[in-house]
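Single-structure report; data block below.
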Amino acid sequence: MTSTDTDQGAPAATTEDLLYEVKDGIAKVTFNRPQARNAMTFAMYERLKAICADANDDHTIKAIVITGAGEDAFAAGTDISQFRAFKTADDALAYESRINGVLAELEGCRVPTIAAISGACTGGGAGIASSCDLRIAARNARFGFPIARTLGNCLSMANYARLYSLIGPARTKEIIFTARLVGAEEARSIGLVSEVLDDHAALMARAQELAETVARHAPLTLQATKQALLRLRSQMAAVEGHDLIVMCYTSEDFREGMDAFLNKRKPAWKGR
């Protein structure tokens, strides 16, 4: 029998943009905006945060699988139309603080989290996947942060720290500097994902199998391992980076990048 989020204690969904169900102790979160390649709205981010917080208190939940609707995208970043309201440094800092709060809740969630990735996993979507404990991918998966050719913004220090700990500084710089997307096999070779499956159906079957496996194991062992690794990485994420966020998000280049993206043209960067 499948239980909805309402009877598990999490706030009821206000839209169908994020689907949530629990069956036999395995929770499943689906980003459900396939028409927008599952780009994340602020409401979807907050919903994900609430689900993770609920799982901390609901000990019937043993694992969480996170995926995107359809085969074309896990999540293609934050819905860029939401950036149009940004005008000040405080807007930029509030945005990054808000997203960091979501990813910290996901990363620190009591139960194991598994990202099942098909298609595009970029920007905020890549941040979500990086915050999960385990990542598996379909062969069509593409992972990256193409901000150097799209918006001209930057990552938060917490997100830089996540990438640094996963793939090291050299590969982090190479991926962001070139703005290229990493294919599934390369992602496996550099440690971004642990397994590559042939197609979306195989991916979801393996995600379920993996969730059932970790759900059978000692929860305190898994929880202690998660917290230990977070503590080891905490010093990197604690380094101050507000000046970098303000520099990028309040720049002429960011406004140009956003306008170019929304109007499907190439941006003309000025470096200011």
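Side notes on the structure shown:
- Scanning the stretch 100-112 turns up no residue that is of a type in the set (Asp, Glu), at pLDDT below 90 and surrounded by fewer than 23 Cβ atoms within 10 Å (Cβ to Cβ).
- Residue selected from the stretch 20-48 under the condition within 13 Å of the chain's Cα centre (by Cα) and among the polar types (S, T, N, Q), by the criterion surrounded by the most Cβ atoms within 10 Å (Cβ to Cβ): ASN38
- Whenever a residue of the stretch 69-97 is surrounded by 18 or more Cβ atoms within 10 Å (Cβ to Cβ), its partners that are in a loop (DSSP other than H, G, I, E, B) and modelled with pLDDT under 90, lying with C-beta atoms within less than 9 angstrom and at least six residues away or across chains, give the pairs ALA92/PHE86; TYR95/PHE86; GLU96/GLY241.
- Annotation: of all residues in the stretch 182-236 being more than 18 Å from the chain's Cα centre (by Cα) and of a type in the set (Ser, Thr, Tyr), the one that is surrounded by the fewest Cβ atoms within 10 Å (Cβ to Cβ) is THR221.
- Count of the stretch 89-126 residues which are in a helix (DSSP H, G or I) and either in contact with a Lys or Arg (Cβ under 7 Å, 6 or more places away or on another chain) or farther than 22 Å from VAL196 by Cβ (or both): 20
- Taken together, the residues in the stretch 141-156 that are surrounded by 19 or more Cβ atoms within 10 Å (Cβ to Cβ) and part of a helix (DSSP H, G or I) amount to 2.
- Residue list for the stretch 157-180, filter: assigned to a loop (DSSP other than H, G, I, E, B) and either within 21 Å of TYR45 (Cβ to Cβ) or in contact with an Asp or Glu (Cβ under 9 Å, 6 or more places away or on another chain) (or both): ARG180
- Only one of the numbered conditions (1) touching a Gly at 6+ places or on another chain (Cβ under 8 Å); (2) closer than 25 Å to GLY124 by Cβ is violated by MET204, and that is (1).
- Screening TYR160 with (1) at pLDDT below 95; (2) closer than 23 Å to LEU203 by Cα gives one miss only, at (2).
The values are calculated or read from the model by the stated rules, or taken from the named source; none is laboratory data. Here the structure is a predicted model, which means the values were calculated and not measured. We place every Cβ from the backbone using ideal geometry, glycine too, and count neighbours over all the protein chains shown.
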